[in-house]
Structure formats: structure tokens, C-alpha cells
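What follows is one structure encoded as C-alpha cells, with my remarks underneath.
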Amino acid sequence: MHGYHERTAADVPVDGRRVLVKVRVRRMRCPALGCEVQTFREQVSGVLERYQRRISRLTAQVSAVACELAGRASARLLPALGAGVSRHTALRVLLKVPLPALAVPRVLGTDDFALRRGLVYATILIDAETGRRVDVLEGRTADVVEDWLRAHPGVEVVTRDGSGAYGEAVRSALPDAVQCGDRWHLWHLLAEAAAKEVAAHSACWAEAAPLRRASARRRHSSAGSRSAT
């Protein structure tokens with residue numbers, strides 16, 4: 001043993017008051033010749049992790065709030081609970097939360113989104129029955145989706161947009177799977193069709209407008225003459 005080292009870490013608040021814990025750990029010397037790490041500090045597993053300034057149970061509470069509210073909202077709520085952190089700290093804690101185990105859904109939803117519009121795109125896969133994210137793939141080509149489907153069998157229904165790339169990937173990897181359009185794209189296509197129909201008949205409405213105005217004037221004049229008599 002080489003000596004002692006004190007660490008100060010924040011613990012779970014008590015009655016809305018901030019609690020600090022001082023931990024005295026041993027500083028050890030490595031007896032191995034030629035070791036690059038001459039001295040090191042012992043770690044208190046389950047209580048205080050390496051380089052952390054919060055006790056593990058406080059970190060777990062901050063992680064739970066950050067998972068639900070993300071950065072800015074967490075930074076506004078946590079001080080009211082006695083654990084003040086910045087939004088950047090909340091995001092760092094959120095990024096350290098381990099991802100849940102990947103579960104292949106029965107109904108898989110696929111769609112693309114832009115990381116940099118016009119340059120970089122990715123594909124997001126969700127469980128269409130629960131709305132939970134399943135995975136995010138780099139790119140939006142057919143081979144990317146096909147490789148994922150082959151590596152994760154079990155999908156029975158795939159909802160997608162009108163992209164031919166996704167359809168080709170599903171037909172190649174899952175020939176027995178049912179393909180259908182997702183709800184958002186169906187409503188979007190319906191709205192576009194309605195807008196095109198309105199635009200196509202706008203000239204007809206313009207021609208009918210003078211007739212309606214003339215008919216309205218006649219009704220108004222006839223009503224005025226009856227009231228005068």
C-alpha cells in the first residue's frame with residue numbers, strides 16, 4: 001500500500017438537501033517490474049465508479065429521469081429533487097445507459113431519415129405494435145435492410161413507405177412476410193391526392209364563382225323587393 005486518497009461524491013438527497021460522501025480509498029503500488037502503472041487507487045464497486053463524482057444510486061436516479069425527459073427538462077426537474085445537474089451532464093449520463101437487448105418484433109416498421117439532408121441518410125426500425133425503437137442502420141439501401149432481416153429472422157409483417165428499395169429487401173430476405181404501407185405514409189399520400197384533385201378543378205370553381213355570385217345577388221334583390229311591398 002502506497003497511501004490513502006479521499007474522494008468526495010454526491011449522494012441521494014435527504015429531505016431535499018444535498019448530501020456529500022467522503023470516501024477514503026487506498027492507493028496501491030504495483031509490484032510488477034516494468035509496469036507502466038506504478039500506482040493505482042482501489043475502486044469501490046457498486047458504490048463509486050471510476051472518475052465519477054456521484055454515488056452509484058444517485059447516478060441511477062439521474063439516469064432514470066434523463067431517460068424519460070432527456071437533457072433540458074431533466075436539468076429543470078432534478079434541482080427540485082435536490083440533485084442539481086446541468087443538461088450536458090444529464091445527456092452524458094443518458095449516453096452511458098446500456099441499450100436494451102434487441103428483440104425482433106412480429107410487425108416491423110421501416111423508414112429512412114436524414115442525418116444531413118441530401119447527403120447522409122439512415123434507416124430506423126421500430127416495433128410497429130408497441131412503437132419502440134428496434135435498431136438504427138447506416139444508409140437506406142436495399143442491401144443494408146436485407147442483411148439485417150437475414151440476421152434477425154422472425155418478422156412476419158413489414159410496414160414501409162413506397163420505397164422500392166425496402167420492398168426489394170423484404171422480398172429477398174423474407175419472401176413469406178406481408179408488406180403493407182404504414183399509417184403515416186397512407187395519410188400523406190391521401191392528402192397529396194386530395195391536393196392534386198383540388199388543383200385540377202380549381203379552374204372549374206373559378207368559372208362557377210360568377211354564377212354563384214349572380215344567383216346570390218338575385219336572391220338578395222328579390223328579398224329586398226318583398227320586404228318593400
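The values are calculated or read from the model by the stated rules, or taken from the named source; none is laboratory data. All values derive from a computational prediction rather than experimental measurement. Heads up, the Cβs are rebuilt from the backbone with ideal geometry, glycines too, and the neighbour counts pull from every protein chain shown. Accessible surface areas use protein heavy atoms only, side chains included; no ligands, DNA or RNA. Shrake-Rupley method; radii C 1.70, N 1.55, O 1.52, S 1.80 Å.
Data for the structure
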{"item": "Mean Cβ neighbour count within 10 Å, used as a protection proxy, ranking 83-89, 191-197 highest first", "result": "83-89, 191-197"}
{"item": "Counting all C-alpha pairs of the chain, share separated by more than 33 Å (%)", "result": "56 percent"}
{"item": "Protection proxy ranking, peptides 173-179, 143-149, average beta carbon neighbours within 10 Å, highest first", "result": "143-149, 173-179"}
{"item": "Estimated inter-spin distance, residue 95 and residue 56, nm [label 7 Å along Cα→Cβ]", "result": "2.4 nm"}
{"item": "Probe 1.4 Å, protein heavy atoms only - accessible area per residue of segment 145-203 in square angstrom", "result": "64 Å²"}
{"item": "Residue-normalised accessible area of segment 53-92, given per residue in Å² at a 1.4 Å probe", "result": "59 Å²"}
{"item": "Whole-Hz couplings from phi, Karplus 6.51/-1.76/1.60, listed for segment 76-87; x for Gly and Pro", "result": "7, 7, 4, x, 5, 8, x, 10, x, 9, 7, 5"}
{"item": "Accessible carbon and sulfur surface of segment 13-159 relative to its total accessible area, %, 1.4 Å", "result": "53 percent"}
{"item": "Helix 202-228 axis, angle to the chain major axis (alpha carbon atoms, nearest 10°)", "result": "60 degrees"}
{"item": "Formal net charge of residues neighbouring residue 142 (Cβ-Cβ distance under 13 Å; K, R +1; D, E -1)", "result": "-1"}
{"item": "Accessible area (Å², per residue) of segment 13-52, counting only protein heavy atoms and a probe of 1.4 Å", "result": "88 Å²"}
{"item": "Anisotropy class of segment 48-173 from Cα gyration tensor, a/c 1.5 cut", "result": "prolate"}
{"item": "Where labels lie 7 Å past Cα in the beta-carbon direction, separation of residue 113 and residue 183 in nm", "result": "1.8 nm"}
{"item": "Helix-only mean residue ellipticity at 222 nm for the chain, each DSSP H run of n ≥ 4 adding -39500 (n - 2.57), per residue, nearest 500", "result": "-14000 deg cm²/dmol"}
{"item": "Peptides ranked, highest mean first, by Cβ atoms within 10 Å: ranges 107-113, 73-79, 23-29", "result": "107-113, 73-79, 23-29"}
